[in-house]
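The values are calculated or read from the model by the stated rules, or taken from the named source; none is laboratory data. Quick caveat: nothing in here was measured; it's all calculated off a predicted structure. Reconstructed Cβ throughout: ideal geometry from the backbone, glycine too, with neighbour counts over all protein chains shown. Please note that ligands, DNA and RNA were not included when accessible areas were found on the heavy atoms of the full protein model with its side chains. Shrake-Rupley method; radii C 1.70, N 1.55, O 1.52, S 1.80 Å.
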Amino acid sequence: NLQQPNISHSAPDGQFVVGSQGPVITRGHSFTIICSTESQYPGGSFHLFRGSSITRSESAVNHSSSFSFPEADYSHEGTYSCVYEVSVSSRSFRSSPSKLLLITIT
């Protein structure tokens, strides 16, 4: 069984506040969603979901992946989660989804 991954965010230029539901990011500024796990397996990849759809996939580096959004726009609003996937002996395994991260753009 793969561990549930963690999801977090950063806003390098500081243009966000933490609202009651999650981060509120100023439109036009950058932000990053970080997925990480304490997997016992090397490699693998993370899938970033918004709602029930995969929006992006990235290879895991040191058990984490960063998904960058250079310019926040209203289209980036939503509830995000991460799923970790790894192949072991030609079989593919997926973790359960991370907790939800609600991103609001203002």
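Overview of values
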item	result
Carbon plus sulfur fraction of accessible area for region 9-106, probe 1.4 Å, in percent	49
Region 1-62, relative contact order in percent, only Cα pairs under 8 angstrom and at least six apart counted	29
Accessible solvent surface per residue of the chain, calculated while the other protein chains remain in place, 1.4 angstrom probe, Å²	57
Residue 17 - accessible surface, heavy atoms, 1.4 Å probe, Å² rounded to 10	90
In region 13-106, trypsin sites (Lys or Arg not before Pro) in a DSSP loop with at most 16 other beta-carbon atoms within 10 Å	27, 99
Matching label, Rg/Rh (Cα atoms, Kirkwood Rh) computed from the structure shown, candidates (1) 1.35; (2) 1.21; (3) 1.00	(3)
GNM flexibility winner over the chain from 89, 53, 65 (Cα, springs under 10 Å)	89
Most fluctuating residue given options 81, 39, 90, as computed from a GNM of the chain linking Cα atoms under 10 Å	90
